[in-house]
Amino acid sequence: MLAEKHAERIEKIFAKYPDKRSGVMALLYLAQEEYGWLSEETLREVAELCDIDPTQVQSIAGFYTMYSEKPKGRFWLHVCTDLPCALRGADDFFSALCAYLGLDEHGGTTEDGLFTVEPVMCLAACDKAPMLQCNFHYHENLDLEKVKALIEQWRAEASRDDGVQG
Amino acid sequence: MAHILLRNRDVAGIWQFDTYVANGGYDALKRVVNDLSPDEVIGIVSASNLRGRGGAGFPTGRKWSFIPKDAPVKYVTVNADESEPGTFKDRELLEKNPHQVIEGALIAAYAIQATAVYIYCRGEFWDLAHALEERIEEARQANLAGENILSSGWSCPVYVHLGAGAYICGEESALLNSLQGLLGQPRVRPPFPAQVGGGLYYAPTVVNNVETLANVPWIILNGADAYQAIGTPESTGPKIFCMSGHVERPGNYELPLGITFRELIYERAGGIPNGKKLKGILPSGASGPVLRATEEVLDAPLTYEAVAALGSTLGSASFILMDEDTDMVWAAAKTTHFFKHESCGKCTPCREGIYWLDKIYERILRGEGTAHDLELLEKVPQQIMGLTLCALGDFACNPVLSTVQQFRDEYEQYIGLVEPVAAEV
């Protein structure tokens, strides 16, 4: 449970605002970090912490693109394909990345559950396209070769972590 | 010329508190708190003619002056939701020169005697926002933020709030709702944010863009007259121009307002790659009308008034450049798809209208468009523009209408009304 495991962080979140409702976005991030995605049960847990109705939490989780109400891969690769990036080859970059990971042209999650690739809206990195965010961290001025190297790095990171846990 | 805003380009490591302070950082806040009344601060900023850099260009001092003095609770909210396609200036300021933004926000807070500052960062600024919290803590430990600032008796904590991926939260009333844990959708106005009932937690609130606030410490230290000497009488001061798309040297350029399109594009940003000609210019990201790159346009000054007179808007000065080979129908389809995704769904004209515009573009790009579709691209906007709570619907229509008007031949080629221009064999 979040309340027990992250009591201190939750207290810090609520301390910023005059009411508990305002903590909902930060708590959704915390829950997502803890559980990997936002299940109905998790949304109810957040609702209880913020003292608001679960349907309101659900509408907020659904409104924003950075929350996921479905399980996703361990690494979320968000590729900007908006106009400024597309003028610098982002559409081709996105297709090449998907093909490299064995995904169809729309992206999706790899069979090993490691990577979820999605096209996203502008990420304020238009001068450094093509680019992506991996778990919300920026990687810029990319091409297929560079992203292949990053993917190897992330794969190695995953197997190292699994080794530690196993 | 030394930078006023992107001082990180001149002073290495200015993001660090000690370096910032060693280079005059927080001197303006100290002067304000120790020597000036809140009204005097508003007076200086009003006299400087600083206008909001988020896009609307509203006079900053006037915005501050609207806050009722007798309200017990007042807020400054910093709009760091930078999400306009083509815009990446606030990100550089917050990453590389964060204390200047914090200082500007605290001066604004002093001017309205705010009880707290909230910096609303878009969620994708995840790393930046967490670093910003550390910078704020440094300021607090130096008694420049938080309790009893500089022993003046005035207290004002500064907090960071993370959004979670929604363009609409850059609209000020949607931003306030989002911060309050409500859906990030625009509010009915009046009451406006500055009024009782309209702001954050319904208390009077100033919402300022990051770049706007980054101007403020310099204005306090150097005076309104010195600031007015930069730019033109109507469009005063330095502006960060974001250059993206087909441009040789993409990036941010801090230049005085009033330089020409030509100087910005060709002299500063290196012109168009591969010796191509420039065809289309979006001067304010995806949300303003596209301009055809004529000689008249290239010689025009970059001021709020001059760009408006050309039929577009300077907005946040986010230049998306498109060379002669760019398919303008495809470009308008891209911006339409963006706004369809980002419409918050509250107002029917925007939600439904942009959805249908997006469908029409899909059809045209598939080669299935008809003359009727071209008509619809001009008619549907009439049922969106001016009929919604915020400007997103209008934004979506701007690239549609302007490309249909100025690049009609390209639409006609798609729908088979005219033969395509023979491609080189």
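The numbers here are math on the coordinates, done by the rules we state, and not lab data. Keep in mind that this is a model prediction, so the values were computed, not measured. FYI the Cβ positions are ideal-geometry reconstructions off the backbone, even for glycines, and counts take in every protein chain you see.
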By the Cα gyration tensor axes a ≥ b ≥ c (a/c under 1.5 gives rounded; else a/b larger than b/c gives prolate, otherwise oblate), the shape of the range A:2-63 is oblate
What is the range A:30-107's relative contact order, in percent, from Cα pairs under 8 angstrom and six or more apart in sequence? 22
Give the calculated FRET efficiency between A:Glu48 and B:Glu133 to the nearest 0.05, with a Förster radius of 30 Å applied to their Cβ-Cβ distance. 0.70
Of the residues B:Thr77, B:Thr205, B:His99, the Cα lying farthest along the dipole of the protein assembly as shown towards its positive end, which is defined by charges on the beta carbon of Lys, Arg, Asp and Glu, belongs to B:Thr205
Subtracting the Cα-Cα distance of A:Lys5 and A:Glu69 from 0.36 nm times their residue separation yields 20.9 nm
In order over the range A:5-22: 3J(HN,Hα) from phi, Karplus 6.51/-1.76/1.60, θ = phi - 60°, whole Hz, x for each Gly or Pro, gives 6, 10, 3, 5, 5, 5, 4, 5, 5, 5, 5, 7, 10, x, 9, 6, 4, 5
Taking the Cα centre of each part, how many Å lie between the range A:63-92 and the range B:272-290? 24
Please work out, to two decimal places, the log10 of the ratio I(q)/I(0) at q = 0.09, 0.14, 0.16 Å⁻¹ from a Debye calculation in which every Cα of the range B:210-331 carries one identical scatterer. -0.25, -0.58, -0.74
What is the mean projected area of the alpha carbon convex hull for the protein assembly as shown, to one decimal in square nanometres? 27.5
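Per residue of A:79-92, count partner chain C-beta atoms within 10 Å of its C-beta, then hand back the mean as an integer. Show your work: numbers first, answer last.
Working: counts 0, 2, 3, 11, 19, 20, 5, 5, 13, 6, 0, 0, 2, 0.
If you average over the peptide's residues, the count of other-chain Cβ atoms is 6.
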Which of the peptides B:151-161, A:25-35, B:366-376 is most tightly packed, and how do the rest follow, judged by the mean count of other Cβ atoms within 10 Å per residue? A:25-35, B:151-161, B:366-376
Is there a quick way to get the dipole size of the protein assembly as shown? I mean about its Cα centre, with the Cβ of Lys and Arg at +1 and of Asp and Glu at -1; what is the value in debye to the nearest 20? 1280
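Among bridges DSSP assigns within the protein assembly as shown, what percent are antiparallel (round to 5)? Can you show the working numbers first?
Numbers: 25 of 54 bridges.
If I count the DSSP bridges inside the protein assembly as shown, around 45 percent turn out antiparallel.
Over chain A, calculate the relative contact order: mean separation of alpha carbon pairs under 8 Å at least 6 apart, over the residue count, as a percent.
Numbers: 212 pairs, mean separation 28.4, N = 166.
Dividing the mean separation by the residue count of chain A yields 17 percent.
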Per the range B:1-105, sqrt(5λ) over the Cα gyration tensor eigenvalues, sorted largest first, in Å, gives 24, 19, 13
Would you mind giving the average projected area, over all directions, of the Cα convex hull of chain B in nm² with one decimal? 20.5
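If contacts are Cα pairs under 8 angstrom and at least 6 residues apart, what is the relative contact order of chain B in percent?
Working: 854 pairs, mean separation 65.0, N = 425.
RCO, chain B: 15 percent.
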Once label points are set 7 Å from the Cα along Cα→Cβ at both B:Ala47 and B:Ser155, what is their separation, rounded to one decimal in nm? 3.4
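Can you compute the FRET efficiency between A:Ala99 and B:Glu40 using 1/(1 + (r/R0)^6), with r the Cβ-Cβ distance and R0 = 35 Å? Round to the nearest 0.05. Mind showing how you got there, number by number?
Values: r = 62 Å, r/R0 = 1.78.
In this case the efficiency is close to 0.05.
Quick one: work out the % antiparallel among DSSP beta bridges in chain A, nearest 5.
Details: 9 of 15 bridges.
So the antiparallel bridges in chain A amount to around 60 percent.
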Evaluate the range B:271-371: find the radius of gyration of its Cα atoms, find its Kirkwood radius, and give the ratio Rg to Rh. 1.02
How do B:210-216, B:386-392 rank on mean C-beta neighbours within 10 Å, highest first? B:210-216, B:386-392
Starting at the first residue of the range A:27-43, write each ³J(HN,Hα) from the Karplus equation 6.51 cos²θ - 1.76 cosθ + 1.60 with θ = phi - 60°, in whole Hz, x for Gly and Pro. 6, 5, 4, 4, 5, 5, 5, 6, 9, x, 7, 10, 7, 4, 5, 5, 4
Just need log10 I(q)/I(0) for chain A at q = 0.13 Å⁻¹, Debye formula, equal scatterers on the alpha-carbon atoms, no solvent, rounded to two decimals. -0.73
Taking every residue in B:331-339, how many Cβ atoms of other protein chains lie within 10 Å of its Cβ, on average? 3
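Give the average, rounded to an integer, of partner chain Cβ atoms located within 10 angstrom of each Cβ in B:94-101.
Numbers: counts 0, 1, 0, 0, 0, 0, 0, 0.
Per residue, the average neighbour count from other chains is 0.
To the nearest 20 debye, what charge dipole does the range B:6-61 have about its Cα centre, counting +1 at the Cβ of each Lys and Arg and -1 at the Cβ of each Asp and Glu? Could the numbers behind the result be given before it?
Numbers: 6 positive and 6 negative charges, 57 e Å.
Its charge dipole is roughly 280 debye.
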Filter the trypsin sites (Lys or Arg not before Pro) in the range B:1-92 to those in DSSP coil with at most 14 other Cβ atoms within 10 Å of their Cβ, and list the result. B:Lys69
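Would you mind putting B:326-334, B:307-315, B:183-191 in packing order, based on average other-beta-carbon counts within 10 Å, highest first?
On the way: B:326-334: 21.7, B:307-315: 18.9, B:183-191: 17.2.
In decreasing order of mean packing, B:326-334, B:307-315, B:183-191 become B:326-334, B:307-315, B:183-191.
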Starting from the 7 Å offset along Cα-to-Cβ, what nm value, one decimal, do you get for the label separation of B:Glu248 and B:Glu305? 3.3
Kindly work out what percent of the DSSP beta bridges joining two residues of chain B are antiparallel, to the nearest 5. 40
If neighbour count is taken as other Cβ atoms inside 10 Å, put B:Val78, B:Val33 in order from fewest to most. B:Val33, B:Val78
